[in-house]
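A.B. asks: Here it is, the structure in full.
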Amino acid sequence: MRITALLLLALTALTSAVSYHGYKVVSVTPHTTAEAQVLQEAVQQLQLQQWTEPHGLGVPVDVMVPPSLVEVFLTGLQAKHIPVQVKITDVQAIIDEQAAKRPVSQSLPRTFDHNKYNSLEEIESILEGVEEEFPSLVTISSAGTTYEGREILMAQVSSDGGETRPVIWIDCGIHAREWISPAVCQYILDELTSGYGTKSEITELLDTYDFHILPVVNPDGYEYSWTTDRLWRKNRVPHEGIVECHGVDVNRNFEVAFGEPGASDEPCSELYQGPEAFSEDESKAVRDGIEALGSRVTVFYSLHSYSQHWMTPYGYTDALPDDYDEMIRVVEAGVEELEAVFGTPYTYGSVANTMYVTSGASYDWAYEIANIPYVNTIQLRDEGTWGFLLPEEEILPTAEETFAGILAATAAI
Ligand SMILES: [Zn+2]
């Protein structure tokens, strides 16, 4: 009886998984305003999912196209002489290949493994293991509970009890499909804990700062991206009266420029801002965690993928904040070191100027409302070769260069 029920559950999970069989990711580079308009009209008419948002002329936009629309999309753009390049020929083939290569562990790990993406269950088990191994350094707590009842876990790393020192805040995984982000948070936690007392640079760092690290801000979305839809972005709240879609873009739900351009009030949109600011448990968890620390929070990082940008506020306007020059001085130190590790090129600047306009985002709230002096958001690897499907071989180098950059930026403060 029980086995039948389990089997049924497994079958349901399998049959309900979203398939991207034959979907292509096409990079389109408009060079004139008219070309950019053609692209936007095509994306809207064909209801295509953009992997990156449009930004300026000459900058490629990555668009995912289902097999039935590939021909009409490509011929339409080519007829207008707009440069297109197919980056990924079959999205599902990559998803399947990566899933097949991922080792199936017999028991839950208690220590870090940066050679693979870890499931939510594995991450939770690893966090418990780290707290056990470093009881005087690490405290795991819950920053909030999600709609589906999962804890948003936060790791405090402190060498003196965690009450007094300035805090470096790092959150990861606010967008579900950006798997490299939680992976980099896990690496940073590993480096800090294993390096304290053994590496002088880390020891000095942890005798100066406390770290608060949230490896998976959006656990409901992350879990869903493992079980059902690898390309899921939002959280998983249902919408009253709407059955066909779920979820709020947590990074459009903060109370700063809420509902302005760069977000959507359409519940089915990938950029849905939610019914009101801080309607979501995940954004509330970030807000409450930071507010509880008060003026101790000195540095804020939120890690995303992809595009290789290191950015500061603002997102909601292309005007620059008062502290921009000082923030960018520190960012430059970070980017220089990051690039030196493997030569990975990064661009930097404010979000609105580097990427595109966003509203209701955590970084603008962190700077403007929480008054954190050094606010950063990083779009990790790559530049679109794999996009959200970054191979596991790239986890370690991505994490190494990012942490090197964060160390250098911290030293420059
Ligand atoms: Zn993101």
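FYI, it's all coordinate maths here, none of it is from the lab. As the structure is a computational prediction, the values presented were derived from the model and not from experiment. Virtual Cβ from ideal backbone geometry, glycine too; neighbours counted across all protein chains shown.
A.B. asks: What list of ³J(HN,Hα) values in whole Hz, one per residue of segment 388-395 in order, does the Karplus curve 6.51 cos²θ - 1.76 cosθ + 1.60 (θ = phi - 60°) give from phi, with Gly and Pro shown as x?
C.D. replies: 5, 9, 3, x, 5, 4, 8, 4
A.B. asks: For the residues Leu74, Leu380, what sequence is obtained by ranking on other C-beta atoms within 10 Å, fewest first?
C.D. replies: Ranking Leu74, Leu380 by Cβ neighbours within 10 Å, fewest first, gives Leu74, Leu380.
A.B. asks: With only Lys, Arg, Asp and Glu charged, each at its Cβ (+1 for the first two, -1 for the last two), find how big the charge dipole of the chain is about the Cα centre; round to the nearest 20 debye. Before the final figure, lay out the partial values.
C.D. replies: Values: 22 positive and 63 negative charges, 216 e Å.
Roughly 1040 debye, rounded to the nearest 20.
A.B. asks: Also, I was wondering about something else. Taking amide H atoms as placed 1.01 Å from N in the peptide plane, list the residues 5 or more away in sequence, or in a different chain, whose amide H sits under 5 Å from that of Lys87.
C.D. replies: Under 5 Å from the amide H of Lys87 lie the amide H atoms of Val25, Val26, Ser27, each far enough along the sequence or on another chain.
A.B. asks: Moving on. Amide H of Gln49: which non-local residues (sequence gap of 5 or more, or other chain) have their own amide H closer than 5 Å, using H built in the peptide plane?
C.D. replies: Met64
A.B. asks: Using packing as a proxy for protection, rank 47-54, 362-369 so that the peptide with the highest average count of other Cβ atoms within 10 Å comes first. Mind showing how you got there, number by number?
C.D. replies: Values: 47-54: 16.8, 362-369: 24.0.
Ranked from most to least packed, the peptides come out as 362-369, 47-54.
A.B. asks: Measure off 7 Å from each Cα along the Cα-to-Cβ vector at Val70 and Glu133, then give the distance between these two points in nanometres to one decimal.
C.D. replies: Those two pseudo-labels are separated by 4.4 nm.
A.B. asks: Could you list Ser107, Ser225, Ser159 in order of exposure, starting from the residue whose Cβ has the fewest other Cβ atoms within 10 Å?
C.D. replies: The most exposed by this proxy come first: Ser107, Ser159, Ser225.
A.B. asks: For Ser307, what charge total do you get from the other residues with a beta carbon under 12 Å from its beta carbon, if Lys and Arg give +1 and Asp and Glu give -1?
C.D. replies: -4
A.B. asks: Tell me which of Ile213, Ser194, Ser225 sits at the most positive position along the dipole axis of segment 184-259, charges placed on C-beta atoms (Lys, Arg +1; Asp, Glu -1).
C.D. replies: Farthest along the dipole direction, towards plus: Ser225.
A.B. asks: In segment 192-241, which GluC sites (Glu not before Pro) are in a loop and have at most 11 other Cβ atoms within 10 Å, using DSSP for the loop call?
C.D. replies: On the way: sites: Glu201, Glu204, Glu223, Glu240; in loops: Glu240.
Passing sites in segment 192-241 are Glu240.
A.B. asks: On to the next question. Evaluate the relative contact order of segment 18-100 (contact order divided by residue number), counting alpha-carbon pairs under 8 angstrom at least 6 apart; express in whole percent.
C.D. replies: 47
A.B. asks: Same structure, new question: Under a GNM of the chain (C-alpha, springs under 10 Å), which listed residue has the highest mean-square fluctuation: Phe112, Phe300, Phe342?
C.D. replies: Comparing Phe112, Phe300, Phe342 in the GNM, the peak value goes to Phe342.
A.B. asks: I've got another one for you. Suppose R0 equals 41 Å. What FRET efficiency, 1/(1 + (r/R0)^6) with r the Cβ-Cβ distance, do Ser279 and Ser200 give to the nearest 0.05?
C.D. replies: 0.35
A.B. asks: Kindly put Lys199, Lys116 in sequence by how many other C-beta atoms sit within 10 Å of each C-beta, fewest to most.
C.D. replies: Details: Lys199 13, Lys116 16.
Starting with the residue having the fewest Cβ neighbours, the order is Lys199, Lys116.
A.B. asks: How long is the gain from Ile413 to Ile242 if the chain were fully straight, where each residue apart is worth 0.36 nm and the alpha carbon distance is subtracted?
C.D. replies: My answer for the length gained is 56.8 nm.
A.B. asks: Here's a follow-up. Would you mind getting me the FRET efficiency between Asn115 and Gln50? Use the beta-carbon distance for r and R0 = 41 Å, nearest 0.05.
C.D. replies: 0.85
A.B. asks: Another one. Sequence gap at least 6, Cα distance under 8 Å: using those rules, report the relative contact order of the chain to the nearest whole percent. Don't skip to the answer; put the middle values down first.
C.D. replies: Numbers: 840 pairs, mean separation 62.8, N = 413.
Once divided by the residue count of the chain, the mean separation gives 15 percent.
A.B. asks: Any idea how far apart Ala17 and Glu332 come out in nm if each label point goes 7 Å out from Cα toward Cβ?
C.D. replies: Result for the modelled spin labels: 4.8 nm.
A.B. asks: Continuing with the same structure: Around Ser158, under 9 Å between beta carbons, what's the net of Lys plus Arg minus Asp minus Glu among the other residues?
C.D. replies: Cβ neighbours under 9 Å give a net charge of -2.
A.B. asks: If you take the beta carbon distance between Asp325 and Glu291 as r and set R0 to 30 Å, what does 1/(1 + (r/R0)^6) give as a FRET efficiency, to the nearest 0.05?
C.D. replies: 0.65
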